[in-house]
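Some notes on the structure that comes next.
The values are calculated or read from the model by the stated rules, or taken from the named source; none is laboratory data. Since the model is a prediction, treat every value here as computed from it, not as a measurement. Heads up, the Cβs are rebuilt from the backbone with ideal geometry, glycines too, and the neighbour counts pull from every protein chain shown.
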Amino acid sequence: MSHFVRSDGHLTDAALSALVDSEDGVLDESAESHLNECELCLGRVGTLTETLTRLDGDLGRAPLARPTLPWRLIAAGGLVGAVGVALSFGDRASLPSLHTLGSSLAWLRHVHGVTTQPWLVGGCVAMTVICAAIAHKFSTNMRTQ
Amino acid sequence: VISLSFSNIGAYSKSVDELAHLRPRVVRTVAAILRQAPSHPDVEDCAQEVMARVLERKGQASSRVDATQNYDAWVLGVARHVAIDRIRARVRERNAPPLLLGQSEAPSEARAELRVLAEHVAALPESQRRALLLFHIEGKRYQEIAARMGVSMGTVATWISRARQELLQKMEAP
């Protein structure tokens with residue numbers, strides 16, 4: 001017996017359940033062609049649709065494990081990012097002071113500092129995002145195990 | 001532009017002819033799923049909707065139809081979806097209570113029953129529970145679930161179906 005066709009030739013509940021879930025793609029050709037001809041199985045699809053629509057309502061309300069954001073790990077990632085951003089502003093001391101306004105060398109040094117900062121900030125933001133993604137992945141696996 | 005328009009009209013006429021030929025089977029399919037007589041207004045409505053959807057999607061579907069060489073099966077598939085959508089809408093329109101909430105009047109009792117349902121879900125065999133939660137809670141498609149769990153889509157369909165049957169049996173038990 002396959003996943004989708006019973007020994008009596010009619011479709012299994014798994015096949016009908018997949019149809020109700022709009023997952024027709026899982027059905028093989030024999031199941032599909034049987035369904036197109038069998039009013040008994042089509043009637044079972046109708047009955048099952050009604051039952052599953054109501055079961056969906058219950059499952060939607062039941063206090064099952066729901067996806068929640070992994071706040072602790074996101075906070076840790078955010079902290080890493082914040083430290084990185086703070087570090088990127090650390091060379092403010094190199095800002096040209098008023099009495100060196102006229103010195104092109106001081107401005108050049110500052111401009112050089114500014115051009116390197118976006119990379120540092122970008123790297124930290126990327127690290128934050130990666131931390132969050134890893135945390136989410138881990139928490140998803142934990143919820144479904 | 002004129003020749004293009006004429007070719008479109010030609011394709012459209014062909015679809016209408018094909019559909020007219022298929023209409024009795026569409027009506028039979030919809031009537032069987034809705035469990036109504038073919039002359040029932042809901043069946044008529046659905047059949048009309050199927051015709052409209054098929055004509056709208058004719059362009060998109062042509063590649064798939066060419067690939068499978070099975071236009072009839074595709075149209076009947078659309079008919080099944082329309083009928084399933086109609087039943088879902090009918091259940092929601094009737095505001096039919098969910099299975100558990102319908103069994104008890106008091107919200108506190110309903111909440112207790114939903115907690116029991118959650119316990120039943122937790123007691124399911126691990127593979128069935130994971131598949132059910134991935135589908136219902138995380139909204140994953142069968143294909144994604146199969147890839148994540150390393151099994152075939154047929155196995156995923158079986159697990160989800162068995163999990164639901166198990167839950168329904170336990171909920172119906174006194």
Residue hits (region B:117-130; out of contact with any Leu (no Cβ under 8 Å at 6 or more places or on another chain), of a type outside the set (Ser, Thr, Tyr) and more than 9 Å from chain A (Cβ to nearest Cβ)) are B:GLU119, B:ALA123, B:PRO125, B:GLN128
Within region B:133-155, residues more than 8 Å from chain A (Cβ to nearest Cβ) and touching a Phe, Trp or Tyr at 6+ places or on another chain (Cβ under 9 Å) come out as B:ILE145, B:MET149, B:VAL151
Could you tell me whether any residue of region A:58-70 is touching a Phe, Trp or Tyr at 6+ places or on another chain (Cβ under 9 Å) and either within 7 Å of chain B (Cβ to nearest Cβ) or surrounded by 14 or more Cβ atoms within 10 Å (Cβ to Cβ) (or both)?
yes
Condition set surrounded by fewer than 20 Cβ atoms within 10 Å (Cβ to Cβ) and in a helix (DSSP H, G or I), scope region A:11-27, selection farthest from the other protein chains (Cβ to nearest Cβ): answer is A:GLY25
Of the residues in region A:28-47, those that are more than 7 Å from chain B (Cβ to nearest Cβ) and in a helix (DSSP H, G or I) come to A:GLU29, A:SER30, A:ALA31, A:SER33, A:HIS34, A:LEU35, A:GLU37, A:LEU40, A:CYS41, A:ARG44, A:THR47
**Request:** Can you confirm whether region B:11-24 contains a residue that is within 18 Å of A:GLU50 (Cβ to Cβ) and modelled with pLDDT of 90 or more?
**Result:** no
Among residues of region B:28-55 being touching an Asp or Glu at 6+ places or on another chain (Cβ under 8 Å) and without any contact (Cβ under 8 Å) to a residue 24 or more places away in the chain, the residue surrounded by the most Cβ atoms within 10 Å (Cβ to Cβ) is B:ALA32
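Checking the condition under 22 Å from A:THR49 (Cα atoms) and not in a helix (DSSP H, G or I), which residue from B:GLY154, B:GLY139 passes?
B:GLY139
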Conditions (1) at pLDDT 80 or above; (2) at positive phi -> B:ASN95 fails only (1)
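The rows are residues; the columns are (1) surrounded by 21 or more Cβ atoms within 10 Å (Cβ to Cβ); (2) outside any helix (DSSP H, G or I); (3) facing another protein chain (nearest Cβ under 7 Å).
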site: A:THR49; (1), (2), (3): yes, no, yes
site: A:THR53; (1), (2), (3): no, no, yes
site: A:ARG72; (1), (2), (3): no, no, no
site: A:ALA76; (1), (2), (3): no, no, no
